[in-house]
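Student: Following this message is one structure expressed as C-alpha cells.
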Amino acid sequence: MNLNERPLHELLALIEQGEIHARDVIRDLYRAIAEKEPQIRAYISLTPQERLLEECERLSEKPLRGLPIAVKDNIVTRDLKTTCASRFLENFQPIFDATVIKRLKDAGATILGKTNLDEFAMGSSTENSAFFATRNPHDPERVPGGSSGGSAAAVAAHEAICALGSDTGGSIRQPASFCGIVGLKPTYGLVSRYGLVAFASSLDQIGPMTKDVRDCAILLNYIAGHDPNDSTSVARPSEDYTQELDQEIKGFRVGVPKEYISDLSGQAQACLESWVKTFRELGAEIVELSLPHTEYAIPTYYLISSSEASANLARFDGVRYTKRASDSSVETMFSESRDQGFGPEVKRRIMIGTYALSAGYYEAWYGKAQRVRALIRQDFENAFQSVDIIISPTSPTPAFQLGERLKDPLAMYLSDIFTVPASLAGTPAISIPGGTVEGLPFGIQLIADRFQERKLLRVAHAFERALPRYAP
C-alpha cells in the first residue's frame, strides 16, 4: 500500500516510530495527483511540491509532522488563491488564513491545495463550478456530490490524506457518501467560521473529510474551539474527540425515523436492514421514531439559505475583490459585474433570496421559514430525549450521472433531503460508508444531539469496525 492510501493516524504512528518521514508521504501524494488528477480534477490550485517538502522539514516536531491537508476553496488561505470556484474571485489572493487553517498550521500541518466546489458552495454535484466539473473516483461518469465534491474526490482517489470541507445543508456529508469516505458536519458554533466565505451564515460549518472515523476525530481536535473573531462561535471547554472512540455502544438507543426510510429503493432498503442488524449485534436497541416536520425541511432550507446568500453576496459588486466589468455608470458596473461574475445557480439563489426578503414578502416567506425551522429543531430535541443517535441514509441514492440533474434544480435539491434537517437544527451529523447500491458507495448518516460529537464519533467508530461483516 502506498503511503498516500493510508489514513492520517497510521502515518503519524509510522513517523513517530521513525519508519517514514512526511516528505515520503508528500512524494506519494504528488505521484497520485500526477496520475489521477487529469481525469478526476479535484483541485483548483496546488502548493508546489518543493515548497511542501521544505515546510515539512521545519514542522517535523509538531503534532501533525508536516503532513499535508487539502482545503475546500471557499476557506481563505494566505498562501494560495481562494476562488470559491467563481469567476468573481478567480484571482483573489487573501491576506490572512482562516482560523481553522491557522490552527492546523500551528499543529504542524501543511496545505496541499485548494479543492473544487460548486460556485460559492451552492450545489450538490460540483458541476456548478465556474472552472470545471470534478468526477467521482469510483465512476468518472458520475458526480462526486457537492458542494465539497473536490475534497471528497481527492480523499477517495488518495490524492489527499484528509481534507476540510464546508457543510450548509449537506455539502460535507452527501459527497462523503457518494465517494465512500467519512465526512463530519460539527454542531453549529463548534468550529470557527472566520475565514469561511459566507453562503448562509446561520447554517455554514467547516468540518473534516477523511478516510476513517479516527482521522475525523483527530482533525476535529485541532479545528474545534472558541474563536473571538466569530460571533457565532460557542465558548466551551476543549475536548479530546478520540478519547471514547474504542468504547462499546451496548445499551445505546438508536432511532430510525420513519420519514427517512419510506421511499428507499430495494438495495437501499437492504443496506438499512444491514445497518439495523449491525447495531443490534453491537448491543444497541433500535427505536422507531418520527420527525414529523421533515417534509418541510427542503423548502425551509432553500428560503433561509437563499435569503442569507442574497445578503452575503451583495458585497460582490465589482468594486472590491474583483476586476469591474464596466465603468460607464455605477448601475451598469454593478449589474454587468454581477452578471458576468456569477453563474446560473448562484443567480437563481440570489433571486429567490432577494424576493423572500423584499418588502411585503419578508414575513410571508423568510419569517415563516424561520418558524418552521424552530419546529424542525424541536423535532430533534424531542427525539433525543429518548434516543442517543438517529440513523438514516445520507442521500436517497448513490452518485448520479454527470449532467443528469443539471436541468432539474428540484431533483438536485432533493438529493439533500436527509441531510438538510440536521443542518436546520444545528446538530452534529456524520456520513460513513454503509455498503453499496448499484455497485456504488452508499453512506449511512448518524445524527447526535448538539455538542455530542464524542458520542457521535464513538458510535460511528463502532459501526465502522463492525459493518464489513454485513455490508451488501
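Student: Take the residues in region 262-294 that are assigned to a loop (DSSP other than H, G, I, E, B) and buried (at least 17 other Cβ atoms within 10 Å of the Cβ); name whichever of them is modelled with the lowest pLDDT. Give the steps one after another, and end with the answer.
Tutor: Step one: filter region 262-294 for residues assigned to a loop (DSSP other than H, G, I, E, B), giving 262-265, 282-284, 290-293.
This time we only want the ones that are buried (at least 17 other Cβ atoms within 10 Å of the Cβ), so: 264, 282, 284, 291, 293.
Values: Leu264: 87, Leu282: 97, Ala284: 98, Leu291: 97, His293: 97.
So, considering only residues that are assigned to a loop (DSSP other than H, G, I, E, B) and buried (at least 17 other Cβ atoms within 10 Å of the Cβ), the one modelled with the lowest pLDDT is Leu264.
Student: Out of the residues in region 32-61 meeting the condition of being among the basic types (Lys, Arg) and surrounded by 14 or more Cβ atoms within 10 Å (Cβ to Cβ), tell me which one is farthest from the chain's Cα centre (by Cα). Break it down stepwise before answering.
Tutor: Here is the first cut: in region 32-61, the residues among the basic types (Lys, Arg) are 36, 41, 51, 58.
Filter once more, keeping what is surrounded by 14 or more Cβ atoms within 10 Å (Cβ to Cβ): 36, 41.
Numbers: Lys36: 22, Arg41: 18 Å.
Here the answer is Lys36.
Student: Given the conditions (1) touching a residue at least 60 places away in the same chain (Cβ under 8 Å); (2) within 28 Å of Gln93 (Cβ to Cβ); (3) acidic (Asp, Glu), which single one is not true for Asp317?
Tutor: It fails just one condition, (1).
Student: I would also like to ask the following. Could you identify the single residue in Asn74, Asn91 that is surrounded by fewer than 17 Cβ atoms within 10 Å (Cβ to Cβ) and either in contact (Cβ under 8 Å) with a residue 60 or more places away in the chain or closer than 17 Å to Ala163 by Cβ (or both)? It would help to see each step written out before you state the result.
Tutor: Numbers: Asn74 fails: surrounded by fewer than 17 Cβ atoms within 10 Å (Cβ to Cβ).
Only one candidate passes the filter, namely Asn91.
Student: Shifting gears a bit: Just need a number here: residues in region 323-343 that are assigned to a helix (DSSP H, G or I) and either in contact with a Cys (Cβ under 9 Å, 6 or more places away or on another chain) or in contact (Cβ under 8 Å) with a residue 12 or more places away in the chain (or both).
Tutor: Selection size over region 323-343: 8.
Student: Working carefully through the options Pro63, Pro94, find the one that is modelled with pLDDT of 95 or more, over 30 Å from Glu336 (Cβ atoms) and of a type outside the set (Gly, Ala, Ser). It would help to see each step written out before you state the result.
Tutor: Values: Pro94 fails: over 30 Å from Glu336 (Cβ atoms).
Pro63 is the lone residue from the list that is modelled with pLDDT of 95 or more, over 30 Å from Glu336 (Cβ atoms) and of a type outside the set (Gly, Ala, Ser).
Student: Taking the options Ser151, Ser171, name whichever one is assigned to a loop (DSSP other than H, G, I, E, B), crowded, with 24+ Cβ neighbours inside 10 Å and in contact with a strand residue (DSSP E or B) (Cβ under 7 Å, 6 or more places away or on another chain). Talk me through it step by step, then tell me what you get.
Tutor: Working: Ser151 fails: assigned to a loop (DSSP other than H, G, I, E, B).
Step by step, each of Ser151, Ser171 is checked, and only Ser171 is assigned to a loop (DSSP other than H, G, I, E, B), crowded, with 24+ Cβ neighbours inside 10 Å and in contact with a strand residue (DSSP E or B) (Cβ under 7 Å, 6 or more places away or on another chain).
Student: So which residues in region 75-110 are outside any helix (DSSP H, G or I) and under 18 Å from Ile350 (Cα atoms), if there are any at all?
Tutor: First, the residues of region 75-110 that are outside any helix (DSSP H, G or I): 75-86, 90-98, 107-110.
Of everything in region 75-110, those that are outside any helix (DSSP H, G or I) and under 18 Å from Ile350 (Cα atoms) turn out to be Cys84, Ala85, Ser86.
Student: Considering only residues that are among the polar types (S, T, N, Q) and either out of contact with any Ser or Thr (no Cβ under 7 Å at 6 or more places or on another chain) or part of a loop (DSSP other than H, G, I, E, B) (or both), which ones fall in region 111-136? Can you show your working first?
Tutor: Filtering region 111-136 down to residues among the polar types (S, T, N, Q) leaves 115-116, 124-126, 128-129, 134, 136.
Matches in region 111-136: Asn116, Ser124, Ser125, Thr126, Asn128, Ser129, Thr134, Asn136.
Student: Taking region 179-230 as the search range and keeping residues that are of a type in the set (Val, Ile, Thr) and within 12 Å of the chain's Cα centre (by Cα), which one is farthest from Gln445 (Cα to Cα)?
Tutor: Keep residues of region 179-230 that are of a type in the set (Val, Ile, Thr), which gives 181-182, 187, 191, 197, 206, 210, 213, 218, 223.
Now narrow it down to the ones that are within 12 Å of the chain's Cα centre (by Cα): 181-182, 206, 210.
Numbers: Ile181: 12, Val182: 10, Ile206: 17, Thr210: 15 Å.
Top of the filtered list is Ile206.
Student: Mind checking which helices (runs of 4 or more DSSP H) fall wholly inside region 375-472 and carry at least 1 residues that are of a type in the set (Lys, Arg) and modelled with pLDDT of 95 or more? Let's see the steps before the verdict.
Tutor: Details: elements: 409-413, 420-425, 453-466.
In region 375-472, the matching helices (runs of 4 or more DSSP H) lie at 453-466.
Student: What's the total number of residues in region 214-261 that are hydroxyl-bearing (Ser, Thr, Tyr), within 30 Å of Leu8 (Cβ to Cβ) and assigned to a loop (DSSP other than H, G, I, E, B)?
Tutor: To start, the set of residues in region 214-261 that are hydroxyl-bearing (Ser, Thr, Tyr) comprises 222, 231-233, 238, 241-242, 260.
Still in the running and within 30 Å of Leu8 (Cβ to Cβ): 222, 232-233, 238, 241-242.
Next, from what is left, pick out any that are assigned to a loop (DSSP other than H, G, I, E, B): 232-233, 238, 241-242.
The qualifying residues number 5.
Student: Assigned to a loop (DSSP other than H, G, I, E, B) and either at positive phi or surrounded by 14 or more Cβ atoms within 10 Å (Cβ to Cβ) (or both), is that true of Val372? Full working, then the answer.
Tutor: Values: assigned to a loop (DSSP other than H, G, I, E, B): no; either at positive phi or surrounded by 14 or more Cβ atoms within 10 Å (Cβ to Cβ) (or both): yes.
No: the conditions fail for Val372.
Student: Here's another thing I want to ask about it. For region 104-122, which residues satisfy the criterion of being closer than 13 Å to Gly149 by Cα and touching a strand residue (DSSP E or B) at 6+ places or on another chain (Cβ under 9 Å)? First the steps, then the outcome.
Tutor: To start, the set of residues in region 104-122 that are closer than 13 Å to Gly149 by Cα comprises 114-122.
Those that are closer than 13 Å to Gly149 by Cα and touching a strand residue (DSSP E or B) at 6+ places or on another chain (Cβ under 9 Å): Lys114, Thr115, Asn116, Leu117, Ala121.
The values are calculated or read from the model by the stated rules, or taken from the named source; none is laboratory data. Owing to the predicted nature of the structure, the values given are computational and were not obtained by experimental measurement. All Cβ positions, even for glycine, are placed from backbone atoms using ideal geometry, and neighbour counts span all protein chains on display.
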